[in-house]
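The values are calculated or read from the model by the stated rules, or taken from the named source; none is laboratory data. Note that this is a predicted model, so its numbers are computed, not measured. Quick reminder, even Gly has a Cβ in these numbers, built from the backbone with ideal geometry, and neighbours come from all protein chains shown.
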Amino acid sequence: MTPTILIFLKAPVAGQVKTRIARDAGDEKALEIYQRLVTRQMAALPEGWPVEIHFTPAQAEPQMRDWLGEKPNWDFIPQVELGLGARLAHATTEAFERGAAAVMLIGGDCPELGPKEFERAGESLARGDIVVGPAVDGGYYLLGMDAPRLALFENVAWSTAAVADRTREIIREQNWRHTELPQLSDVDTLEDWESLGYRCL
């Protein structure tokens, strides 16, 4: 079973990405950091796995294709104009309707996420487990499932330190099995970048 990777990205526009970094380093530096993070993440995706690039805003497809390039196994899909949980649920549902055997949802700002984590997540999905990759800040850098388990996106306080814990709570409430990947750091602040940016060289 080969999972489909759903990566959620913003178009590379100064002032619209990595706003916490921009407060300390300026919009252009934040844009540069964002582009380096995403470029590294795209290069670290498993070769040949199907990838859906879910981008926002919806009209940015030409810009996204020009920036990231194209591969036969990549699809560019605009995000729906909804809250984060609803966007994730919609993308997940649509991916399974298109025939995905399993999905892994990721962002572009975890420079420690690489082949080992994808391989382990794939093995866990093949066993029917949900996969949670917890981030140091309390969110998650990867969420994997072998069916559209939409409860994972409901009643979650997104963009808070409680996201991963709430996800675990939902899994327990639903009596689902899950596997946890190692805790990794993502890049949200200039301090994060100064600690982890070397991985994007």
Seminar exercise, completed: Per the list (1) without any contact (Cβ under 8 Å) to a residue 60 or more places away in the chain; (2) over 25 Å from Gly197 (Cβ atoms); (3) of a type in the set (D, E, K, R), residue check on Asp66 breaks on (2)
Seminar exercise, completed: Being touching a residue at least 24 places away in the same chain (Cβ under 8 Å) and of a type in the set (Ser, Thr, Tyr) narrows Thr167, Thr160 down to just Thr167
Seminar exercise, completed: Going through (1) modelled with pLDDT of 95 or more; (2) in contact with an Asp or Glu (Cβ under 9 Å, 6 or more places away or on another chain); (3) surrounded by fewer than 16 Cβ atoms within 10 Å (Cβ to Cβ) one by one, Gly128 fails only at (1)
Exercise. Within the range 102-118, can you find the residues that are of a type outside the set (A, V, I, L, M, F, W, C) and farther than 13 Å from Thr179 by Cα?
Worked result: Gly107, Gly108, Asp109, Pro111, Glu112, Gly114, Pro115, Lys116
Problem set entry | Boolean, Ala60 is buried (at least 18 other Cβ atoms within 10 Å of the Cβ), hydrophobic (A, V, I, L, M, F, W, C) and over 24 Å from Thr167 (Cβ atoms) | yes
Seminar exercise, completed: When the range 1-46 is checked residue by residue, the ones that are surrounded by 19 or more Cβ atoms within 10 Å (Cβ to Cβ) and among the small types (Gly, Ala, Ser) are Ala22, Ala30
For this session: Restricting attention to the range 1-35, report how many residues are in contact (Cβ under 8 Å) with a residue 60 or more places away in the chain, touching an Asp or Glu at 6+ places or on another chain (Cβ under 6 Å) and not in a strand (DSSP E or B).
Result: 1
Exercise. Only one residue in Glu52, Glu112 is over 28 Å from Glu191 (Cα atoms), surrounded by 15 or more Cβ atoms within 10 Å (Cβ to Cβ), of a type outside the set (A, V, I, L, M) and within 14 Å of the chain's Cα centre (by Cα). Which one?
Worked result: Glu52
Seminar exercise, completed: Within the range 154-188, restricting to residues that are in contact with a helix residue (DSSP H, G or I) (Cβ under 7 Å, 6 or more places away or on another chain) and of a type in the set (Ser, Thr, Tyr), the one that is nearest to Thr19 (Cα to Cα) is Ser185
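Which one is surrounded by the most Cβ atoms within 10 Å (Cβ to Cβ) among residues in the range 183-201 that are assigned to a loop (DSSP other than H, G, I, E, B) and in contact with a strand residue (DSSP E or B) (Cβ under 8 Å, 6 or more places away or on another chain)? Please lay out each step first, then the result.
As a first pass, look at the range 183-201 and keep what is assigned to a loop (DSSP other than H, G, I, E, B): 183, 185-189, 201.
Restricting the remaining residues to those that are in contact with a strand residue (DSSP E or B) (Cβ under 8 Å, 6 or more places away or on another chain) gives 183, 185-186.
On the way: Gln183: 13, Ser185: 18, Asp186: 20.
Applying the filter and picking the extreme gives Asp186.
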For this session: Search the range 140-171 for residues being of a type outside the set (S, T, N, Q), within 15 Å of the chain's Cα centre (by Cα) and over 19 Å from Phe118 (Cα atoms), and hand back the single one that is surrounded by the fewest Cβ atoms within 10 Å (Cβ to Cβ).
Result: Trp158
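Look at Gly138 and say whether it is of a type in the set (Gly, Ala, Ser) and part of a loop (DSSP other than H, G, I, E, B). Steps first, answer last, please.
Details: of a type in the set (Gly, Ala, Ser): yes; part of a loop (DSSP other than H, G, I, E, B): yes.
Taking the combined requirement at face value, the residue satisfies it.
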